[in-house]
Amino acid sequence: MIILIVIASLLFSLLSPFTGYLFVVSINGALLYQSGIKKSAYFYILFFVGVIALFSADMITIMEVGDIIIGVMVASLLFIELLKKKHDYTYALFVTSLLQLFYAVVRHLSFGNIYSQRLDTFVAGYKEFLVEAGGLGESVQQDLIIETVVRIMNDYQPAIWSLTMLLAIYLSALFISKRILPVWKHERIQFPFGLSYVLIVALLLAVLPATRLIGFNGVLMLLTLFLIQGLSILDYMAKKHFKNSRFVMIATVVLLVVNVFFALIVAAVGLFDYWLDIRKLNK
């Protein structure tokens with residue numbers, strides 16, 4: 001049984017680290033949380049051996065090795081073990097998020113060239129496909145759009161990784177909290193106040209021309225945490241003022257997906273909560 005779970009976890013991780021982490025924690029997390037150290041260690045040892053075997057067979061690059069081992073294996077192990085010891089979802093989520101933020105920077109510095117080469121290969125193949133399909137690849141406007149997208153994906157590698165993996169951590173925490181104890185008081189999420197100072201530093205770096213790209217990446221990386229905190233406040237407000245609070249939160253998530261400005265507003269709510277303490281004001 002454990003071997004089948006390991007194989008499934010590897011397959012989902014190969015699809016993307018986002019789906020890999022989501023699968024390991026959401027589907028297997030309850031089993032790993034409730035099992036002893038021996039069974040948990042067995043799962044992660046087999047998982048690690050599987051990743052190394054794939055790398056040895058030239059099926060994945062060193063970048064995928066790092067993504068799966070750090071982004072999926074170590075991160076999921078850290079989250080589950082912290083949850084076991086502290087019984088605090090917010091603490092486990094925050095510490096695991098810090099790991100992902102740190103790895104996002106290391107990943108960009110260590111594997112940025114591999115990522116860029118892969119993007120170039122994909123774009124070249126895409127353009128060739130369009131040309132063969134009917135000469136559409138010769139459009140100047142289309143080439144400009146493609147170049148812009150590639151540049152954004154290259155420049156904002158850390159932010160893109162952080163956004164996707166922090167959302168994976170958050171969604172996984174929501175799923176696993178429905179299957180195990182203790183109950184997660186989602187409406188009470190509040191991260192350490194020090195995050196606001198880090199955001200101020202990132203904003204200052206974004207203003208200076210020499211460090212603008214670093215600053216923008218930093219701001220986008222932190223906004224995901226403030227977005228989660230903002231969602232917690234909205235959950236509190238919904239439960240307090242609406243009978244069907246679940247519908248309100250589902251509608252909120254839909255708005256977040258389709259409207260980036262609404263997402264920024266929710267993140268701002270999460271940020272200003274440090275000074276306003278919105279939950280107390282609402283009393």
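The values are calculated or read from the model by the stated rules, or taken from the named source; none is laboratory data. The shown structure was predicted, so the numbers you read here are calculated from the model rather than taken from an experiment. Note that each Cβ is placed from the backbone with ideal geometry, even for glycine, and that neighbours are counted across all protein chains shown.
Does Met221 meet the test of being in contact with a Pro (Cβ under 7 Å, 6 or more places away or on another chain), outside the structural domain of Val24 (by TED's automatic domain parsing) and either surrounded by 12 or more Cβ atoms within 10 Å (Cβ to Cβ) or among the acidic types (Asp, Glu) (or both)?
yes
I'm trying to understand the selection: among the residues of the stretch 98-142, which are modelled with pLDDT under 75 and among the charged types (D, E, K, R)?
Those that are modelled with pLDDT under 75 and among the charged types (D, E, K, R): Lys127, Glu132, Glu138.
In the set Leu46, Leu32, which member is closer than 21 Å to Arg179 by Cβ and either at pLDDT 95 or above or touching a helix residue (DSSP H, G or I) at 6+ places or on another chain (Cβ under 8 Å) (or both)?
Answer to the check: Leu32.
In the list Leu144, Leu213, Leu204, Leu167, which residue meets the criterion of being of a type outside the set (S, T, N, Q), within 17 Å of the chain's Cα centre (by Cα) and assigned to a helix (DSSP H, G or I)?
Leu167
Hey, does the stretch 199-206 have a residue that's crowded, with 19+ Cβ neighbours inside 10 Å and over 23 Å from Ile152 (Cα atoms)?
Looking through the stretch 199-206, none of the residues is crowded, with 19+ Cβ neighbours inside 10 Å and over 23 Å from Ile152 (Cα atoms).
Have a look at Phe262, Phe242, Phe226, Phe193 and point out the one that is crowded, with 17+ Cβ neighbours inside 10 Å, over 30 Å from Gln34 (Cβ atoms) and aromatic (Phe, Trp, Tyr).
The match here is Phe226.
For the stretch 227-246, check the following and say yes or no: at least one residue is more than 21 Å from Tyr89 (Cα to Cα) and within 20 Å of the chain's Cα centre (by Cα).
Within the stretch 227-246, none of the residues are more than 21 Å from Tyr89 (Cα to Cα) and within 20 Å of the chain's Cα centre (by Cα).
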